[in-house]
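Have a look at the structure below, then the notes.
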Amino acid sequence: MSLVKLADATFTSSLGYGKKALRIFNEPINFSIGKKEKWAIVGDSNKTNFLKVLAGSYLPNKPTARTYPEELKNPRFNTELLKFVNNGNWGYGAQDQSGGFTHLSGRYEFFKDLEIDIKVRDFIASKHDNSNVEYDPERLEYLLECLDLKGLEDKFLTVLSNGQFRRARIAKVLYREPGLLLIDDPFLGLDPVATERVSDVLEKIAYSDSEPTTVAVGLRVQDDIPEWIEKVAIVDKTGVPLQGEISDLKSELQRLKEEFYNHHEAVKMRVSERIQVNNIEKNTAVGDPAPTAMIEMTNVSIKYKGVPVIKDLNWTVNEGEKWHIRGRNGSGKTTLLSLITLDHPQSWSRNIKVEGKHRAAGNVNYFDVNKSIGFTSPELHAIFPRNLSVFQAISTGYVVGSYIPPKNLTREQKDKIIDYLKMVELEDKKDSKFGDLTVSHQKVVLLLRALINDPKILILDESLSAMTDEDVIKGKCIVDQWDKGCCLIIGHVDEEVPDCDKYILMNQARNGIYEIGDVAN
């Protein structure tokens with residue numbers, strides 16, 4: 001019995017009408033997912049559109065082109081689509097796919113706004129203050145254990161790291177016991193250990209003896225396909241040109257992967273040339289001067305209710321260095337960065353020096369400190385105003401702590417914004433609304449915003465995740481050639497991390513154990 005079936009199906013966006021309707025795929029599609037089958041939907045951004053088609057989005061050319069035969073037999077059968085293209089935010093608003101709303105420092109505040117925030121167990125069980133829905137304690141306990149959320153169930157959602165929040169979203173959708181789970185980029189933003197754990201959970205529910213959830217995961221061409229996957233559909237703009245057993249499509253999958261990496265190099269060369277043509281003047285210092293310490297932390301410790309998160313950290317970042325901040329989800333990476341940007345309430349410490357100044361209370365303030373810091377993160381992306389034009393969005397990088405575009409830009413500043421847009425081939429989008437861009441292009445714009453004011457400290461927290469392959473290449477090219485100061489980078493996928501020369505591993509930060517070293521070239 002098919003759970004979802006497409007028969008000579010074409011689809012259009014509901015935004016158009018008649019001949020003006022936007023066609024989603026060029027060719028008719030014949031495809032079905034049977035009960036207990038385990039699918040990988042492989043491709044570029046078209047895989048996301050195909051998963052949305054399977055979930056019931058977009059308009060079919062005729063009512064019988066897309067059917068859900070199992071739903072006719074079982075009224076409790078449901079299909080769930082979970083997307084991770086943008087992690088969004090936390091709180092009650094995170095009930096939908098895009099996320100809720102909060103701000104970075106809200107993660108560390110003691111008092112919580114209960115109109116916005118929600119505890120992890122309530123989030124997973126979709127239970128609100130005014131809800132009389134009873135918990136399924138056995139199922140909740142199982143999901144907390146499987147997804148490594150045990151001990152976090154009574155914490156507010158806003159305190160979770162990005163990776164922990166992603167796992168909570170997976171738990172939330174599994175709590176509803178969908179008959180068909182469509183999950184796009186399930187491993188995006190997860191460290192290797194969490195990736196393996198999530199894969200194991202999806203495998204377990206797919207092989208359950210009782211009432212298994214049929215699983216289809218959306219993966220990029222370059223992603224490794226989990227061993228438990230049995231069938232593959234290769235998706236492109238035409239539709240589904242190839243589908244079948246994974247063993248029969250291995251050679252084609254390998255060809256696509258090689259094609260991807262060849263294209264990667266071609267785009268890299270093209271973008272590098274544009275950067276050279278439009279680049280802002282680089283640091284032309286002559287000689288090999290003694291390194292200037294930009295960030296110094298001496299025996300820095302952070303505790304929440306007596307429980308250490310960072311303990312006895314001794315760390316120095318010099319001008320010109322690019323650091324990869326490594327560690328599992330929840331290991332303290334973003335907390336470390338928040339100490340530098342003064343978003344953490346324990347930032348005011350004489351044990352922390354930035355640009356030679358102690359962080360003693362009364363000695364520094366948020367605005368002066370952040371004049372020399374460029375920053376982008378999933379939290380910033382979630383709250384950034386969507387109604388600004390692309391040009392205006394980048395221009396706010398000239399103003400500290402504000403999302404209001406400055407009105408007195410100099411000609412040099414305006415030209416600089418255009419030059420940066422030319423580097424990433426977005427100059428024709430300068431007057432477009434930020435909110436009308438794809439998520440990938442939005443993240444490119446926020447990267448340019450972080451760079452535009454020539455910061456001495458550039459902080460990139462998962463800045464290249466959820467980007468298209470081409471935009472990842474563009475972002476890496478720009479950061480690789482940026483040499484205005486020091487750079488701190490968080491990223492779990494190697495291909496989404498610009499070249500770094502040093503790293504710090506935070507996995508045992510709560511125990512005061514750190515691994516600091518040079519990145520092997």
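The values are calculated or read from the model by the stated rules, or taken from the named source; none is laboratory data. Values in this document were obtained by computation on a predicted structure and should not be read as measured data. Here Cβ is always computed from backbone atoms with ideal geometry, including for glycine, and neighbour counts include all displayed protein chains.
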Verdict on Glu296 being modelled with pLDDT of 90 or more, among the charged types (D, E, K, R) and either assigned by TED's automatic domain parsing to the domain that holds Gly320 or in contact with a helix residue (DSSP H, G or I) (Cβ under 8 Å, 6 or more places away or on another chain) (or both): yes
Residue count for region 348-361, restricted to those that are at pLDDT 85 or above and either in a loop (DSSP other than H, G, I, E, B) or in the same structural domain as Ser161 (by TED's automatic domain parsing) (or both): 3
Strands (runs of 3 or more DSSP E) wholly inside region 473-521 containing at least 3 residues that are under 18 Å from Pro192 (Cα atoms): 502-508
Within region 410-425, tally of residues that are at pLDDT 95 or above and assigned to a loop (DSSP other than H, G, I, E, B): 1
Gln222 being touching a residue at least 60 places away in the same chain (Cβ under 8 Å) and surrounded by fewer than 20 Cβ atoms within 10 Å (Cβ to Cβ): yes
Residue satisfying all of: in region 221-277; among the charged types (D, E, K, R) and within 24 Å of Met423 (Cβ to Cβ); nearest to the chain's Cα centre (by Cα) among these: Lys268
Number of positions in region 214-255 that are closer than 23 Å to Phe77 by Cα, touching an Asp or Glu at 6+ places or on another chain (Cβ under 7 Å) and not in a strand (DSSP E or B): 1
Lone qualifier among Val198, Val235, Val221, Val267 - being modelled with pLDDT of 95 or more, within 28 Å of Glu462 (Cα to Cα) and among the aliphatic types (A, V, I, L, M): Val235
